[in-house]
Every structure is written in C-alpha cells, then in structure tokens.
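In what follows, a single structure is set out as structure tokens and then discussed.
What follows is calculated from the coordinates using simple rules that are stated; it is not laboratory data. On a predicted model such as this, the values are computed, not experimentally measured, just so you know. Heads up, the Cβs are rebuilt from the backbone with ideal geometry, glycines too, and the neighbour counts pull from every protein chain shown.
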C-alpha cells in the first residue's frame, strides 16, 4: 500500500490535479472563517455591483467633518484632477463631445478622445450653454448640457460645503472640505470590499461562490459514491456469478444505457417537484442514473479475473462467494474503482450544473450551487449585459474542479495501467 501511494504521488499529473482540487477546497473552507454570514443575504439595493471597494458616502463626509482635524489629511496627488474628470467623462461621453464638435464645424480628424486636455480645450472654446446651435435636437442638446454640467461640477470650485437642518428647520453650514482633503478608509464607519461584486440579487458573489462550490462538491461526492457503489455491486455480481443473474443485470444496464442518462435525469428531477428537490435528493437522483458505465466496466474486469488460479484455488478451498469477491477479486480492481469514483464525482458536479441551468436543480431558496448561480446569471441576462463577474468566475470554478479531478484520474491511469507507463 505504501509503495502504491508513493507511486501515485510520483505522477506529476496526479500531483497537479490533487493540488488544484485541495487548494480549491481549502480556500472554500477557510474563507467563510474570515467572512462569515449567510451567502444568500442581499446586500445591495438592486443588483450587479462591479467588483471593488465601496465606501459609504454619508460616513465619508461625516468622518471628514466631525473627526479631529488631525484625521483630515491633505494630499496633492499627481493627476488627481485628471482622474476626477476621467471618472466623470466616460468613453461614450467623450464620443458625444466629439460629435458635437463635428456638428459645429470643428475639424475632428486629428482629435484624440483619449487626449482629455485637447478635448476639454475645444469643448470650452466652442460650447456655449446659453445658445443652442441650429441642427441640434433638444434631446442631444440636453445631453451636451448634462456633460457640461458634470465638467463644471468637477472643475469649477476647489471647496464644497455640507449643510444640515438646524432646530428652526433652516439649512446651516456645518463644515466644508476641499479637493485635497483625504480621510483614511479605516476612519469611515461603513465600507465593504467585494472582490467579485454582487449578483443579480445584490448578494456578495465571492461568498456565494465559495458556498456554492462546497455544496456542488458535496453533491458530486454523494452522487459519485452512490453511482460507484451501485455500479460496483452490479458489476461484481454480473461478472463473477454469470448465468441468469448476469443476463438480468446486463438487461437492466442496457436498458438504462439505451435511454440517454441526462434525459432520464431530467424526467426524474421534474417529477419530484421544486419543493422536494433538496441538495441530497438531487445528488441521489444523479447517482441513481449514472452507474451504468461503471457497472459495465467492472463486469468486464471481473470476467477477466474470475478464472485466475488464485480465484479457482479459493473456490476449491470452499470459500464463500462474499469472501472470494472481497479478498480475491476486489483488491485487483480497486485502482480502477478509485478512478471510476473520481470520474463519477466530476460527472455529478457537471450534471448538477446542467440540471440547474434548466431550472431542475435543488431548491434555490436554501443554499447556492454552481449550477444555480449560472441559472440566475442567465435568467437576468448577465452574459448579454456585460456583467462578467456574475458568470465568468463560476465557469472558471466548474472548469477548475472538473479539470483537477480529470487530471487526477489521468495520473492514476498512468500509474496503474501498464500500457501507459513510460
């Protein structure tokens, strides 16, 4: 056993696959310790917040005004004003400014929309908010004025004041701040970092993805265990006993093989109903419909072993059927069973994702899975709206888990299959 394990961990493919899989599992187990809470809790009012750090604006202003003066640090950062303007003027706004300049007769052939200084210089020279040029519709003019107002808000003043209502209901200035005033994020009462943004329901994508990965892996292990046990049991009995029992098991296996497994899986899942489809139930259904190829493969392996000398010797010694299978046949196919189990786990994870994409996965109100997250992103058109963070990390996770498991299986095959050894 020790020699076998040593050989397994000398396989580069198995080590890489095992390392990737263990890394994913460890991250998914450790991350909730630093970011606990319900992964389905809705944080954002709306949905699809881009990845980043979000600071509460109200608390930022309060920290700037109400804290001690020593906390209000003054910085003169290079390019700060340019960054403010770039944050206001999107690529569409700059193209809109360029179109206006072209309409009023400016030669824009050598104007670069990325050159903000050049674009602003021409804009200030030719745009007059008090006079609407001929040939420009009211809708376009309102759009130009909005852009101009945004530019003026950024560049017109260096200081801003904050006012609150006093006891008489009148607005009174309580403080002011300038464009070079900064406050540490640690001094802001409320801020949150969302490495993967939020989904369509406004939920933390990373926290949800971590929980979904563990749930999908759990479902894969349940489905893989069920499918491997059923396939191993049927394969051992059919291959060793033979005769009528072999014919019956082969008939059942062929019957399940003729009917496409995924179609059968869809029909069973649909018949169960949404409210009864929990994580364990769906995993069991996947396992109960995915055992056929394991049974066929184990049967063929056992047939090649049942007439070996050591098996015949056990028969002559009067050993029971159970002992012969357990002691003289199973150890010889154990490596193959382990490889079949790994493939069944991978197949179970992919089957859950397929089912959930069709809306036939586990109940969506209890716990997230990778397939459910893909289903939500598809239903709310994240893939057509540019919200890549709502589906791309899920695809990478599914691919990473499946790739690592299949890499482990390939490494084991090279170790145990003499035809593939170097």
Inset, instruction - Return the distance in nm (one decimal) between the two label points of a simple spin-label model at residue 107 and residue 252, each offset 7 Å from Cα along Cα→Cβ. - result: 8.6 nm
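How do 410, 280 rank when sorted from fewest to most other Cβ atoms within 10 Å of their own Cβ? Don't jump to the answer; show the numbers that get you there.
Numbers: 410 18, 280 12.
Going from sparsest to densest Cβ surroundings: 280, 410.
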Legend entry - Cα-based Kirkwood hydrodynamic radius, the chain, one decimal, Å: 27.5 Å
Inset, instruction - For each of 84, 2, count neighbouring Cβ atoms within 10 Å of the residue's Cβ, then give the residues from fewest to most. - result: 2, 84
Legend entry - On Cα atoms only, tilt of 292-303 relative to the major axis of the chain in degrees: 30 degrees
Legend entry - Virtual spin-label span in nm between residue 178 and residue 288, 7 Å along Cα→Cβ: 7.4 nm
Inset, instruction - Just order 357-369, 297-309, 194-206, 106-118 by mean Cβ neighbour count inside 10 Å, highest at the front, would you? - result: 194-206, 357-369, 297-309, 106-118
Inset, instruction - Return the calculated 222 nm mean residue ellipticity for the chain, to the nearest 500 deg cm²/dmol, obtained by summing -39500 (n - 2.57) across DSSP H runs with n ≥ 4 and dividing by the residue count. - result: -19500 deg cm²/dmol
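Ranking request for peptides 396-402, 23-29: highest mean number of other beta-carbon atoms within 10 Å first, then the rest in descending order.
Numbers: 396-402: 17.0, 23-29: 13.6.
For the peptides 396-402, 23-29, the packing ranking is 396-402, 23-29.
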Legend entry - Per-pair calculated FRET efficiency, R0 = 45 Å: residue 270 and residue 128 via Cβ, rounded to 0.05: 0.10
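Ranked highest first by average number of other Cβ atoms within 10 Å, how do 325-331, 187-193 line up?
The packing order, highest mean first, is 325-331, 187-193.
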Inset, instruction - Quick one: angle between helix 261-272 and the longest Cα principal axis of the chain, in degrees between 0 and 90, rounded to 10, please. - result: 70 degrees
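Taking the Cβ-Cβ separation of residue 138 and residue 87 as r and a Förster radius of 25 Å, what is the calculated FRET efficiency to the nearest 0.05?
Numbers: r = 28 Å, r/R0 = 1.11.
Step by step, r from the Cβ atoms, then E = 0.35.
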Inset, instruction - May I ask for the angle, rounded to the nearest 10°, between helix 243-258 and the longest principal axis of the chain, with both axes built from Cα atoms and the value confined to 0 to 90°? - result: 20 degrees
Inset, instruction - Can you bin segment 1-57 into rounded, prolate or oblate? Criterion: square roots of the alpha carbon gyration tensor eigenvalues sorted a ≥ b ≥ c, rounded for a/c under 1.5, prolate for a/b above b/c, oblate for the rest. - result: prolate
Legend entry - Cα Rg, Dmax (largest Cα-Cα span) when computed across segment 293-422, Å: 21.6, 72
